[in-house]
Amino acid sequence: MTIKAYGAHAGNKPLEPMDITRRALGAHDVQIDIVFCGVCHSDIHQVRSEWAGTLYPCVPGHEIVGRVSAVGAHASGFHAGDLVGVGCIVDSCKHCEECDDGLENYCDHMVGTYNGPTPDAPGHTLGGYSQRIVVHERYVLRVRHPEDQLAAVAPLLCAGITTYSPLRHWKVGPGRKVGVVGIGGLGHMGIKLAHAMGAQVVAFTTSESKREDAKALGADEVVVSRNAGEMAAHARSLDFILNTVAAPHDLDVFVELLKRDGTMTLVGAPASPHPSPQVMNLIGKRRSIAGSMIGGIPETQEMLDFCAGHGIVADIEMIRADQINEAYERMLKGDVKYRFVMDCASLAA
Ligand code: NAP
Ligand code: ZN
């Protein structure tokens, strides 16, 4: 079937309308009419070929919410009309240790929602800036939020799980002091989730203009990271730091804020490396720097249900498909509060 989408034909070209095809419904497939798709900074990295190996045409988008419009004969878990989501994963090998553990995100054969290998035309996956998608039922999530929150649920499918998973893995909760660095799409979800988990939350931003917002999002304290005095006030006090910054920067200024045995987990994936951190800063207090990538399917469902139970959604600004290039430019300037979401009905216009 042919549908409308928005994507790019090269890394140095703007996104534009295009027609794409979706595969015929397989026995285990769910067909989803996409209603909204969040706009992640990874979409920019990928479509502009800032990471290696972008295939064109590239249709980004992995924060998908919509309604089931058809189900395959053996896709028994879903019914037409169900509200569902699809995040960053649309396939994996389904039998390795990671898949068995529900950590499909770490499967060597994980297939991303866009730019992943597939037998379907054009030979790589095409993402959610489109009207419809066909996905194996294993990778389809249930949305239990009220329907009128659907647009603000979309960013949970990447920004939500990418922050939830490390916060859980490093046991963030009551009695723990947690830093969130970078208040963008990921960071604003990190603040909301760490707060809901009961932690004391300190937000670190380069933007003075986000100081008041960060408190409203759930931060107990906000530090403008350029201000050395404000940074020094938190020296050796944090149990855990979640670093979401999309650009290379000095990690040492944050490592120094960790307590003995503290960990800073990097989820930001800049196009070029961070300057190497000072080894002595790690050795001297048995500190760690770690990384984390999205989350597995069971944990993504757990996160969606946690958010539904706690009334958590993203703070969004809705755009039409033809505003996507402008939205990218604004994101690069940090000018979004806090996630753009594409109204996919606008693709029909
Ligand atoms: P975003 O909405 O653009 O937010 C990034 C934030 O980083 C900015 O709002 C800004 O916050 C801060 N920042 C500071 N200096 C910056 C600079 N020079 N350039 C850009 N940002 C700067 O991005 P996002 O969607 O949250 O994604 C953040 C990063 O995570 C990206 O690299 C993305 O590819 C990556 N990511 C990783 C995973 C994973 O699985 N690990 C998943 C999704 C995304 P302040 O204004 O508060 O300083
Ligand atoms: Zn993403």
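The values are calculated or read from the model by the stated rules, or taken from the named source; none is laboratory data. Please read all numbers here as calculations on a predicted model, not as lab measurements. When we count neighbours, we look across all protein chains shown, and the Cβ atoms used for this are built from the backbone with ideal geometry, even at glycine. Remember, those area values only see protein heavy atoms, side chains included, never the ligands or the DNA or RNA. Shrake-Rupley method; radii C 1.70, N 1.55, O 1.52, S 1.80 Å.
A few remarks follow.
- Among the protein heavy atoms of the chain, carbon and sulfur supply 52% of the accessible surface, probe 1.4 Å, non-protein parts ignored.
- Calculated from backbone phi, Karplus (6.51, -1.76, 1.60) coupling profile of segment 330-338 in Hz, x at Gly/Pro: 5, 4, 5, 9, x, 9, 8, 10, 10
- Largest GNM mean-square fluctuation across 269, 203, 73, computed for the chain with C-alpha springs under 10 Å, falls on 73.
- Per-pair calculated FRET efficiency, R0 = 22 Å: residue 33 and residue 247 via Cβ, rounded to 0.05: 0.05
- Within the listed set 88, 158, 96, the residue fluctuating most in the Gaussian network model of the chain (springs between alpha-carbon atoms under 10 angstrom) is 96.
- Multiplying the residue separation of residue 23 and residue 326 by 0.36 nm and subtracting their alpha-carbon distance yields 106.0 nm.
- Under 15 Å from the residue 74 label point (7 Å along Cα→beta-carbon), backbone N, segment 138-174: 138-139
- Listed residues 243, 325, 105, most fluctuating in the chain (Gaussian network, C-alpha, under 10 Å): 325
- Fraction of alpha-carbon pairs over 14 Å apart in segment 252-330 - percent: 76
- Its DSSP H runs of at least 4 residues, each contributing -39,500 (n - 2.57), put the calculated 222 nm mean residue ellipticity of the chain at -6000 deg cm²/dmol, to the nearest 500.
- Under the criterion of Cα pairs below 8 Å and six or more residues apart, the relative contact order for segment 82-219 equals 18 percent.
- Along segment 12-25 the Karplus relation, 6.51 cos²θ - 1.76 cosθ + 1.60 evaluated at θ = phi - 60°, assigns HN-Hα couplings of 9, 10, x, 6, 8, x, 8, 9, 10, 10, 10, 5, 5, 4 Hz to successive residues, with x for each Gly and Pro.
- DSSP beta bridge pairing in the chain, given as percent antiparallel to the nearest 5: 55
- Sequence of 335, 101 when ordered by accessible area, the most exposed leading, probe 1.4 angstrom: 101, 335
- Rounded, prolate or oblate (a/c below 1.5 giving rounded, otherwise prolate when a/b exceeds b/c) for segment 1-109 by Cα gyration tensor: oblate
- Intensity falloff of segment 217-264 expressed as log10 I(q)/I(0), Debye formula with alpha-carbon point scatterers, at q = 0.15, 0.20, 0.28 Å⁻¹: -0.40, -0.72, -1.28
- Annotation: extensible slack from residue 16 through residue 95 equals 24.6 nm (criterion: 0.36 nm per residue apart, minus Cα-Cα distance).
- Amide H partners (placed H, <5 Å) of residue 223, local residues excluded: 203, 204, 205
- Violating pairs (Cα-Cα greater than 32 angstrom) within the set 171/210; 215/259; 13/215; 192/259: 13/215
- Spin-label pair residue 212-residue 147: with each label point 7 Å from Cα along the Cα-Cβ axis, the two points sit 3.6 nm from one another.
- Each residue of segment 93-107 was assigned a 3J(HN,Hα) from its phi angle through the Karplus curve 6.51 cos²θ - 1.76 cosθ + 1.60 (θ = phi - 60°); the sequence is 6, 6, 9, 7, 4, 5, 4, 4, 7, x, 10, 4, 4, 9, 5 Hz, with glycine and proline shown as x.
- Calculated on the Cα set of segment 218-349, radius of gyration then Dmax: 18.3, 59 Å.
- Built amide H within the under 5 Å cut-off of residue 288, gap 5+: 262, 263, 264
- The chain, relative contact order in percent, only Cα pairs under 8 angstrom and at least six apart counted: 18
- Comparing the chain with the 2.2 N^0.38 Å rule of thumb, its C-alpha radius of gyration ratio is 0.97 (two decimals).
- Segment 152-199: Rg to Rh, with Rh as the Kirkwood radius over Cα pairs: 0.95
- Between helix 159-169 and the chain there is an angle of about 50 degrees, using the helix long axis and the longest principal axis of the Cα atoms.
- Pairwise centroid distance, computed over Cα atoms, of segment 207-271 with segment 76-133, Å: 33
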